[in-house]
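Reviewing the structure listed below.
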Amino acid sequence: MRRRIMAAGLVVMLWLTGCGQKTESVSLERETQAEQSAFIVNGEDISYREWNFYVRMNQMQWEKSYLESYGDEMWSREVNEEGLTLAERLKDEVFESIVETHLINQYAGEYEVAISEEEETQLQERAQSFMRAYHEALLRYAGADEEFVYEKLSEVRLSELVEEALVENFDPQLTEDDYHREGICYVLISTTGLRDAEGVLEPFSEEEVARRTQVAQELCVKARESGDLKASAREYDLTPVESSMGKTNTGDGQEHRMLDAARKLAVGEISDPIETEEGWFLVQHTSDYDEEGVAYWKEYLTSLAKQEECRRLCKEWREEAEITVNQEIMDQVDVKIVLKELL
């Protein structure tokens with residue numbers, strides 16, 4: 001339900017292993033460092049290893065997204081007026097995400113939540129898939145092992161299950177007006193252009209825009225004569241969309257000008273062509289009650305309300321949490337460009 005920056009990929013670097021043989025003393029020192037506490041959440045130690053794990057995982061993902069655009073100095077790039085760097089933002093977000101996951105999991109017993117044996121098997125398979133998916137040099141550099149990856153995947157999954165349990169019986173007190181939907185059918189005659197294989201938009205010529213505008217006008221006349229926009233649109237090789245509308249546009253991702261026009265129509269009526277940035281819309285008000293739309297929107301609004309309630313509870317827990325930070329340990333995780341150097 002919340003934005004998870006930890007769940008994807010699980011790319012990690014726990015420590016630098018270097019080249020050649022490790023001495024027993026160096027190995028022991030690194031193992032000791034890995035188990036040091038980076039911070040404590042309500043008495044639960046979060047190790048340096050876990051802190052580093054998630055910082056490095058997300059660092060890898062962010063570099064994949066931004067390195068080409070931002071260049072090698074991306075992590076020192078300031079992202080706000082207060083001088084916060086991208087590296088600092090990354091670490092802030094990772095910190096909050098780790099805290100939230102552990103806070104939520106601390107309530108697993110209270111809500112009698114546990115991972116099933118079937119899911120444990122699936123998580124083990126996912127951990128194995130992770131180990132197979134990444135270059136051996138990356139895994140060695142990251143210090144990632146299957147057991148630790150499985151442990152982190154399990155924690156993330158447990159937090160998801162707890163979140164579901166938190167709001168399982170939550171009633172958002174919706175009314176019929178909230179999710180009432182009426183049937184519509186609409187068609188779009190685009191006037192913007194067509195996209196090529198690379199997704200680049202090639203605009204229509206003025207002549208083509210004029211032709212399509214004429215099509216919209218002709219379709220309007222023909223649909224009104226037949227009383228069936230859906231069938232008339234298909235005669236013009238256009239794709240009609242059967243959908244629904246609510247009493248307002250709130251939360252509705254459909255074209256608002258089209259919806260506004262549809263609500264002014266009696267059942268069966270067809271609108272004039274409606275000009276938008278996308279092109280010309282025609283819409284028909286097909287029914288005053290859309291059963292499928294009502295069912296979907298009731299479920300959708302209930303889901304949104306549960307997400308909001310979950311966020312509210314998590315925010316309360318975060319505000320009440322006792323968190324102790326070992327800044328010296330946390331600062332040992334230094335964010336810098338690694339992908340190009342690694343492979």
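The values are calculated or read from the model by the stated rules, or taken from the named source; none is laboratory data. Fair warning: this is a prediction, and the values are worked out from it, not measured in the lab. Reconstructed Cβ throughout: ideal geometry from the backbone, glycine too, with neighbour counts over all protein chains shown.
Quick notes on this structure:
- Lone qualifier among E163, E120 - being within 26 Å of the chain's Cα centre (by Cα) and surrounded by 17 or more Cβ atoms within 10 Å (Cβ to Cβ): E163
- Residues in segment 291-301 include at least one that is farther than 24 Å from S232 by Cβ and of a type in the set (G, A, S).
- Single unsatisfied condition, L238 versus (1) surrounded by 15 or more Cβ atoms within 10 Å (Cβ to Cβ); (2) in the same structural domain as E44 (by TED's automatic domain parsing); (3) assigned to a loop (DSSP other than H, G, I, E, B); (4) over 26 Å from the mean Cα position of the chain (by Cα): (2)
- Selection of segment 186-211 for residues being hydroxyl-bearing (S, T, Y) and assigned to a strand (DSSP E or B) yields Y186, S190.
- Selected residue (criterion: surrounded by the most Cβ atoms within 10 Å (Cβ to Cβ)) from residues of segment 248-284 that are in contact with a strand residue (DSSP E or B) (Cβ under 6 Å, 6 or more places away or on another chain) and assigned to a strand (DSSP E or B): V283
- Among the residues making up segment 182-209, a single one is closer than 15 Å to F281 by Cα and among the small types (G, A, S): S190.
- Every listed requirement among (1) among the hydrophobic types (A, V, I, L, M, F, W, C); (2) closer than 11 Å to V187 by Cα; (3) in contact (Cβ under 8 Å) with a residue 40 or more places away in the chain is met by A262 save one, (2).
- Any hit, segment 111-134, residues being in a helix (DSSP H, G or I), free of Cβ contacts under 8 Å to residues at least 60 places away in the same chain and under 19 Å from A34 (Cβ atoms): yes
- Here I329 fits the description: more than 26 Å from the chain's Cα centre (by Cα) and either over 30 Å from I270 (Cβ atoms) or among the charged types (D, E, K, R) (or both).
- Pair list, Cβ < 7 Å and 6+ apart or interchain, from segment 142-169 residues that are free of Cβ contacts under 8 Å to residues at least 24 places away in the same chain to residues that are in a helix (DSSP H, G or I) and crowded, with 20+ Cβ neighbours inside 10 Å: E146/A127
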